[in-house]
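The values are calculated or read from the model by the stated rules, or taken from the named source; none is laboratory data. Note that this is a predicted model, so its numbers are computed, not measured. Virtual Cβ from ideal backbone geometry, glycine too; neighbours counted across all protein chains shown.
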Amino acid sequence: MHAFTLPDFYIAHPARLNPHLERTRAHSDAWAKEMGMLDAPKPGGGVVWDQPALDRMDYPLMCAYTHPDCDGPALDLITDWYIWVFFFDDHFLEHYKYSGDTEGARAYLDRLESFMTMDDETPPEPTNPAEAGLADLWARTVPAMSREWRVRFITSTHNLMVESMWELDNINRGRVANPIEYVQMRRRVGGAPWSANLVEYAVGAEIPDRLAATRPMEVLADTFADAVHLRNDLFSYEREVREEGENANAVLVFEQFFDVPTQQAAELVNDLLTSRLQQFESTALNDVPALLADRGAPPDEQLAVAAYVKGLQDWQSGGHEWHARSSRYMNDGLATPGALGTPGAPAFGLDGLGTSAATWLLPAADRPGQRVRLRQHSFIPFQQVGHLPLPDLPMPFQARLSPHLDAAREHAIAWARRVGIFDSVPGVEHGGVWDERRMRDIDLPLCAAGIHADAGPEELFLSSEWLAWGTYGDDYYPVVFGARRDLVGARLSNARLTQLMPLDAGAPGVIPTGPLETGLDDLWRRTAGPMTGDARAHLRHAIEIMLESWLWELANQARNRVPDPIDYVEMRRRTFGSDLTAALARIPYSDVVPPEIYHTRAWRELETAAHDFGAFTNDLFSYQKEVEYEGELHNLVVVVQHFLDVDRWKARDVVAALMAARMEQYQYVLANDIPALFEERGLDDRARAALLRQAEGFQDWMAGILVWHRGCHRYDEATLRREHAPLDHAGVSRFLPALGTSAARVGRRPWSKDDDSM
């Protein structure tokens, strides 16, 4: 009996089959034999694969579905890559995951990486089928691709191989990851980013490096990867969890974290899969064309991006069709066996209609795409939610305050007055965004004194000013641009702010006007001036990320779109200024710590766990302020409410549980993974001490953030009532045209503690 019934999937495009399938079947069988994959022994006897097993899994069929338009030789090569990666996964499972041989696994993976050579490097002689396959594939693939593509492909191949150690460690510990950790680690250990690289090869179009690192292209790759992995987890739950003892599966993660039955967990995973597919579509249709226009992409680059997007889209539909047919997965009854792999035949299975069409058999309200879309766009602004009592929050670290706090408070007020933060802003009702009383209530020097407890006076003054500028900007954009839905004006503002951050010693590209520009110009000169060129570029990038996140918030607000949980958590780090905080923290150690350390799994997990704890703290404290007084939907409590379809009390408890899980993860990584990282990378004493000081800084940051929220007057109800005039029905009506008829409920039935229905 199956653990659950597969849910109804959202599939927007029909799968198509490559006409070269039979040629590739013959080629791939011969290639797998030649590499020794059908003779590789298992430790306990038998072989990892035999010919019948390979035939049943039918990877040529998968590649014919996922790459329907490439020619025969390209399909052969792509299929060989997939046979290799699945063989690697099963070979690693048999030799190292089952036995828990961590030391042997690391040596195996280190040697395997040496077969991905650059330029004039020579690989070693292969000693097993995984090495032989990789050596052969590398030699056949890289001559056709640029050096930049090779670097990207090496990174994604490295991740899917090496991060298998994370899975092995969790199996040895009997530990199931928390949802946030799971999604970001699944991207590294899963094969989808690697598959996206191969799409570039298959469609004959590389993404230019200058576009590959932009947010729209990153969102395409991330949503593609998440959808591929979540779909695979649904189909493979039975094989991985029940038969193989794996615990890296989203259904299991949701089942245990949310304490729900397996069927409900599967439905939640499917909802998340649907929302990721819909964000992929929205990004491809809206953000990518805007990016190409903004960057002045020539026709050849536009065509390359279009081919890549279509290739990813084909992969999603084809990948689903293969999962519905392959013997590797739980898919009984989904596909019609008689139709398997017939070249040129429609990819249809359910009584002739196929899995790709299955979603359209459902009533409109029950279709997964429609259900998820309606849930995301059902937010009602300015609900009278009242105070949200706070749950117990874990804080194992002692909060400390700088002795220079009082001086920093007066210095920050003087600085704000000097750069014009208390001045009136054109087009803003009642004059300005902040006045002196509001800034004193917010008390950002208290936050600076907690997160930089050991700072000297000048350092604390500068930290307080940066916090004031960032918080003022976060308030400024909704008031100045959000009220008018002026996304063009916000983009122009971002462009001007970027020009105020020159990377050389020259003058800025524009003359600052207004408090936001004047404040940044002053802070940039004083902070970036003494930096090295690389550190200055890193700082500017962190600020640009935060500025871009403000545009993301404005766009969601204009569309009344509640982000899905993955999108929200990742962007929340940016809107909260976490990347800027990390960039500033690294400045003193730029000549001590190798920069690649900051991109390792251990450090990224440590850093993001701390950042999430701080950002989620803010969401709990700010819930009433944002929802009731500002009509704001960017709050994790709101996101959880809409995704899980629960009331705010349950959503609050889920947020608190996520915070506890992230704190637990932070402590584990610091105690175990960071020392292992030191040894693995052979770091000297200075680098180790610098990284440990930064880790202590994360602890001060988390504790200081909590102290500030409890001590400032930004979120208490009395202050909110004083600063926000009562909103009458006429005021609410200004928001209704863009929100649709569902928002009309705002004026007549506010959501109270006794009415938790949405």
In this structure, is ALA661 in a helix (DSSP H, G or I) and in contact with a Phe, Trp or Tyr (Cβ under 9 Å, 6 or more places away or on another chain)? yes
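Every residue, every condition in (1) in contact with a Phe, Trp or Tyr (Cβ under 9 Å, 6 or more places away or on another chain); (2) farther than 29 Å from ASN270 by Cα, yes or no:
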residue: ARG525; (1), (2): no, yes
residue: THR532; (1), (2): no, yes
residue: ALA535; (1), (2): no, yes
residue: MET546; (1), (2): yes, yes
residue: PRO563; (1), (2): yes, no
residue: ARG573; (1), (2): no, no
residue: ALA582; (1), (2): yes, yes
residue: ASP591; (1), (2): no, yes
residue: ILE597; (1), (2): yes, yes
Go through GLU200, GLU246 for me and flag whichever is at pLDDT below 90 and either touching a Ser or Thr at 6+ places or on another chain (Cβ under 7 Å) or within 25 Å of GLU321 (Cβ to Cβ) (or both). GLU246
How many residues does the stretch 60-89 contain that are touching an Asp or Glu at 6+ places or on another chain (Cβ under 8 Å) and among the hydroxyl-bearing types (Ser, Thr, Tyr)? 2
Tally the residues that are among the hydrophobic types (A, V, I, L, M, F, W, C) and within 21 Å of ALA528 (Cα to Cα), restricting the search to the stretch 544-575. 3
Taking the stretch 427-453, which residues are touching a Lys or Arg at 6+ places or on another chain (Cβ under 8 Å) and not aliphatic (A, V, I, L, M)? GLY427, GLU436, ARG440, ASP441, ASP443, PRO445, GLY450
Looking at the stretch 117-128 only, could you name the residues that are touching a residue at least 12 places away in the same chain (Cβ under 8 Å), closer than 22 Å to PRO41 by Cβ and surrounded by 12 or more Cβ atoms within 10 Å (Cβ to Cβ)? ASN128
So, of the residues in the stretch 669-720 that are within 30 Å of GLU626 (Cβ to Cβ) and small (Gly, Ala, Ser), which turns out to be surrounded by the most Cβ atoms within 10 Å (Cβ to Cβ)? GLY704
Looking at the stretch 151-163, I want the residues that are closer than 15 Å to HIS91 by Cα and not assigned by TED's automatic domain parsing to the domain that holds LEU109 and have a partner that is among the hydrophobic types (A, V, I, L, M, F, W, C) and buried (at least 18 other Cβ atoms within 10 Å of the Cβ) with Cβ atoms under 7 Å, at least 6 apart or on another chain. Which pairs are those? none
Selected residue [surrounded by fewer than 18 Cβ atoms within 10 Å (Cβ to Cβ), assigned to a helix (DSSP H, G or I) and touching a helix residue (DSSP H, G or I) at 6+ places or on another chain (Cβ under 7 Å)] from GLU131, GLU148, GLU167: GLU148
List pairs: first in the stretch 171-192 and under 10 Å from ASN159 (Cα atoms), second aromatic (Phe, Trp, Tyr), Cβ under 8 Å, 6+ apart or cross-chain? MET185/TRP166; ARG188/TRP166; VAL189/TRP166
Give the residues of the stretch 518-538 that are of a type outside the set (A, V, I, L, M) and outside any helix (DSSP H, G or I), sorted by residue number. GLY529, PRO530, THR532
Output the residue which, of all residues in the stretch 102-116 that are surrounded by 16 or more Cβ atoms within 10 Å (Cβ to Cβ) and free of Cβ contacts under 8 Å to residues at least 24 places away in the same chain, is farthest from MET165 (Cα to Cα). PHE115
Go through (1) more than 23 Å from ASN172 (Cα to Cα); (2) in contact with a Ser or Thr (Cβ under 9 Å, 6 or more places away or on another chain); (3) not hydrophobic (A, V, I, L, M, F, W, C) one by one and return the number of the condition PRO261 breaks. (2)
Report yes if ALA284 is within 25 Å of ARG559 (Cβ to Cβ) and free of Cβ contacts under 8 Å to residues at least 12 places away in the same chain, otherwise no. no
What are the residues in the stretch 62-97 that are under 24 Å from MET161 (Cα atoms) and in contact with a Lys or Arg (Cβ under 7 Å, 6 or more places away or on another chain), if any? LEU77, GLU94
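Yes/no matrix, rows are residues, columns are (1) modelled with pLDDT under 85; (2) surrounded by 20 or more Cβ atoms within 10 Å (Cβ to Cβ); (3) within 17 Å of THR283 (Cα to Cα); (4) touching a Gly at 6+ places or on another chain (Cβ under 7 Å):
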| position | (1), (2), (3), (4) |
| --- | --- |
| PRO299 | no, no, no, no |
| LEU303 | no, no, yes, no |
| TYR308 | no, yes, yes, no |
| GLY311 | no, yes, yes, no |
| ASP314 | no, yes, yes, no |
| HIS323 | no, yes, no, no |
| ARG328 | yes, yes, no, no |
| LEU334 | yes, yes, no, yes |
Of the listed residues (ALA657, ALA689, ALA651, ALA671), the one being in contact (Cβ under 8 Å) with a residue 60 or more places away in the chain and among the aliphatic types (A, V, I, L, M) is ALA657
Tell me, yes or no, whether the stretch 445-463 has at least one residue that is of a type in the set (Val, Ile, Thr), in contact with a Leu (Cβ under 9 Å, 6 or more places away or on another chain), surrounded by fewer than 19 Cβ atoms within 10 Å (Cβ to Cβ) and assigned by TED's automatic domain parsing to the domain that holds HIS642. no
Among helices (runs of 4 or more DSSP H) lying entirely in the stretch 247-330, which contain 1 or more residues that are outside the structural domain of PRO565 (by TED's automatic domain parsing) and over 22 Å from the mean Cα position of the chain (by Cα)? 262-282, 288-294, 299-323
Within the stretch 436-494, considering residues that are among the aliphatic types (A, V, I, L, M) and outside any helix (DSSP H, G or I), the one nearest to GLU696 (Cα to Cα): ALA453
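Residue-wise test of (1) without any contact (Cβ under 8 Å) to a residue 24 or more places away in the chain; (2) of a type in the set (S, T, N, Q); (3) touching a helix residue (DSSP H, G or I) at 6+ places or on another chain (Cβ under 7 Å).
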{"position": "GLU244", "(1), (2), (3)": "no, no, yes"}
{"position": "VAL269", "(1), (2), (3)": "no, no, yes"}
{"position": "THR274", "(1), (2), (3)": "no, yes, yes"}
{"position": "ASP294", "(1), (2), (3)": "yes, no, no"}
{"position": "PRO298", "(1), (2), (3)": "yes, no, no"}
{"position": "ALA307", "(1), (2), (3)": "no, no, yes"}
Index of the failed condition, LEU503 passing every other in (1) closer than 20 Å to VAL707 by Cα; (2) not in a helix (DSSP H, G or I): (1)
In the stretch 52-88, what count of residues is obtained for those that are charged (D, E, K, R) and free of Cβ contacts under 8 Å to residues at least 40 places away in the same chain? 1
Only one of these is in contact (Cβ under 8 Å) with a residue 60 or more places away in the chain, among the hydrophobic types (A, V, I, L, M, F, W, C) and over 22 Å from ILE451 (Cβ atoms): LEU584, LEU554. Name it. LEU554
